[in-house]
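Enquirer: One structure coming up, written as structure tokens, with questions to follow.
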Amino acid sequence: MDIVLVMKLNRFAYFCSRKILLHSIFWILVLLFFSYFLGAPNENIFFSGSFSVFLLPVTIITTYTIIYYLIPNFLLKKRYLLFTLYSFYTLVLSAFAIVLSIFYGLVFVLNMNYSEMPPLSRSLLSMMLLVYLVVLLVSSFTLLKQNYAAIAKNRLLENKILEGQLKLKEQELNYLKLQVHPHFLFNTLNTLYGYALKKSEETPDMILRLSNLLDYLLYQADKPLVSLSSEIEHIKDYLALEKMRYGSNLLVDLDLPENMEDISIAPMLFIPLVENSFKHGQFVDKKLSISIQLKINENRIEFTIENSVKSTENPIIENGIGLSNLEKRLELLYPDHHTLSVNRNSSSFEAQLSLIHSKIHQHV
């Protein structure tokens, strides 16, 4: 604890000494400027330099009052009326102090010999302009510095906000991915258990497909993009596992394009739609029918899935948690570049997802 305190004190002492040194150098330069300005065109630097010494305290006090009190407490806080009022008071007092400085310079340096005064010091207006020129330059530099500091602070704050938004977005996406219903996994494991009891020859193939699908759901889905062909291949694994479970009672119709290798999409956009079809699909004449169609053109990707439902006079569309989560993910991943629509008629339920071309990435 003592070491930390010593280090802090050392840093503070270094900062103060550095700041004092810089300010001292600056005011020495101002003193030289005053001496040269007041001495021109005379060559007697003693009188002009001595006279400048009386002006320097007024300049320093006026400058520090403005940059360390008026600007931070009133101007930067947008208290413009008070800033104007107190600035006026400061100028009046400083003008009075300048008059006193000239008087004391005349008394103590020139022994009231007016003829030996530096030429420019004989004009009160010139002396005031000289002092206020330094005050104005230092105040302008301070405001410029404050402006750059405010810009840098705002940029840092914006970056932190954006970083926080990105982290929140990632967390929300991860949460939504975890909301995929686990009923498929439980059903598949039960089916696998039955196949194992019967020592079916399809058991190894079923385990392999389940392993591939779980690898995709647990690991590949963390990637920002996956190839479209990879998403479709895992949909095929999903369908194959369901086919093993339902047997001949499941009818699947796939209409897929041949070339999908050069296109990438966000993972797990289509699988929730497939899962939803199996969850809410209904047997008609002891058959569950699933129809999947994927179209790719220059403008968009269109994925359509349709499942059979029992006939009803008043079909009602109710979006489950799976579709609601998918809509939220699409809003985060493809804002204004997607459409998701669902439609139910008397014999089928259809979901269609379209991704606009500008949000379809070329797979590298």
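Enquirer: Sort V53, V131, V138, V284 from largest to smallest accessible area, using a 1.4 Å probe on the heavy atoms of the protein chains. Mind dumping the intermediate values first?
Expert: On the way: V53 80, V131 0, V138 25, V284 60 Å².
The most accessible residue leads, giving V53, V284, V138, V131.
Enquirer: Then there's this: Would you calculate the separation in nanometres between label points at L214 and F88, each defined as 7 Å from the Cα along the Cα-to-beta-carbon direction?
Expert: So the two model labels end up 8.2 nm from each other.
Enquirer: Same structure again: Could you give the nm distance between label points at I151 and L29, where each point is 7 Å from its Cα heading toward the beta carbon?
Expert: The modelled label-to-label distance comes out at 2.2 nm.
Enquirer: Separate question: Give the accessible surface of region 180-356 per residue, rounded to a whole number of Å², with probe radius 1.4 Å and ligands, DNA and RNA excluded.
Expert: Numbers: 9240 Å² over 177 residues.
Here the residues of region 180-356 average 52 Å² of exposed surface.
Enquirer: Further question: Keeping the other protein chains in place, figure out the carbon and sulfur percent of the accessible area of region 180-356, with a 1.4 Å probe.
Expert: Looking at region 180-356 in its full context, I get 50 percent from C and S.
Enquirer: Only four residue types carry charge here, +1 at the Cβ of Lys and Arg and -1 at the Cβ of Asp and Glu. Report the dipole size of region 180-356 about the Cα centre in Debye, rounded to the nearest 20.
Expert: 700
Enquirer: Follow-up. Tabulate in residue order the Karplus-calculated ³J(HN,Hα) for region 26-31, using 6.51 cos²θ - 1.76 cosθ + 1.60 with θ = phi - 60°, rounded to whole Hz; enter x for Gly and Pro.
Expert: 4, 6, 5, 5, 4, 4
Enquirer: Here's something else I'd like to know. Which links in K160/K223; K243/K287; K236/K328; K243/K286 stretch past 18 Å when you go from one Cα to the other?
Expert: Over 18 Å Cα-Cα: K160/K223; K236/K328.
Enquirer: Now for a separate question. Work out the FRET efficiency for Y104 and K78 from their Cβ-Cβ distance, taking R0 = 30 Å, and round it to the nearest 0.05.
Expert: The computed FRET efficiency comes out at 0.15.
The values are calculated or read from the model by the stated rules, or taken from the named source; none is laboratory data. This structure is a prediction, so every number in the text was calculated from the model and none was measured. For neighbour counting, all protein chains shown are included, and Cβ atoms are generated from backbone atoms with ideal geometry for every residue, glycine included. Just the protein is used for accessible areas: all its heavy atoms, side chains included, with ligands, DNA and RNA removed. Shrake-Rupley method; radii C 1.70, N 1.55, O 1.52, S 1.80 Å.
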